[in-house]
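To start, the structure itself, in structure tokens.
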């Protein structure tokens, strides 16, 4: 039940922000609404040994792409481990050791890598768009990252999603354009994108809550994006 003092406080805040009359009501309701509960998109079996593998659909081997693959794999593994999504996650160090020691690593399919590292399932993350600048000639940093994800068993069968051939498209991560031109700043943009994307992907696999106002904004943005528009 909403107490009178809470209601009055919200109305005063709405008035101060220039929202009056009937327009104040939706704002007040949004301000006091409880967090929205979001269920996991896919429940990984708890007794699973999971490998997180990040690959680039364009098979780029430049330094920037290698860095984002490595950071995203490591951070996503840690996120899933922190939330106890599965019983065991193959460490990134184990994956890195195989990558360095086996010259044929890049020829292995995701399920082959999983078998070599003792995993039962593989969370395959595919980079579908990645960049740190709008163009090679642009001096300013503008990071963006998009991915699709799939869960496979070590026979190569896709367990999730079973209705999307190329995987589940995750929420994009973006680092807005900055006034920074230092070459060293690119590493910070890469780290930011990896942190954001690891969070987006991890939340597909465990129940969580999202602020009601943020949830409403994301839904509006999704509708605008579907229509070819944007909030800007």
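Rule-based calculations on the coordinates, nothing more; no lab input. What you see is a predicted model; the values in this text were computed from it and never measured. Quick reminder, even Gly has a Cβ in these numbers, built from the backbone with ideal geometry, and neighbours come from all protein chains shown.
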Quiz item: So what is the relative contact order of the stretch 47-103, in percent, for Cα pairs below 8 Å that sit 6 or more residues apart?
Solution: 46 percent
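Explain nothing, just the number: relative contact order of the stretch 49-226, from Cα pairs under 8 Å at least 6 residues apart, as a whole percent.
Numbers: 273 pairs, mean separation 40.6, N = 178.
It rounds to 23 percent for the stretch 49-226.
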Quiz item: What distance in nm separates the simple spin-label points at residue 94 and residue 61, each placed 7 Å from Cα in the Cβ direction?
Solution: 2.6 nm
Quiz item: Using a Förster distance of 25 Å, how high is the FRET efficiency between residue 129 and residue 181, based on the Cβ-Cβ distance and rounded to 0.05?
Solution: 0.60
Self-check item: Potential extension, residue 39-residue 107 segment - 0.36 nm per residue separation minus Cα distance
Solution: 20.9 nm
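Kirkwood hydrodynamic radius, computed over distinct alpha-carbon pairs, for the stretch 140-197: how many Å, to one decimal?
13.3 Å
Where does each of 116-126, 79-89, 98-108, 34-44 land if you order them by average Cβ count within 10 Å, highest first? Before the final figure, lay out each step's value.
Values: 116-126: 21.3, 79-89: 16.2, 98-108: 10.7, 34-44: 12.8.
Most protected by this proxy first, the peptides run 116-126, 79-89, 34-44, 98-108.
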Exercise. Could you tell me what % of all Cα pairs in the stretch 49-226 have separations over 24 Å?
Key: 40 percent
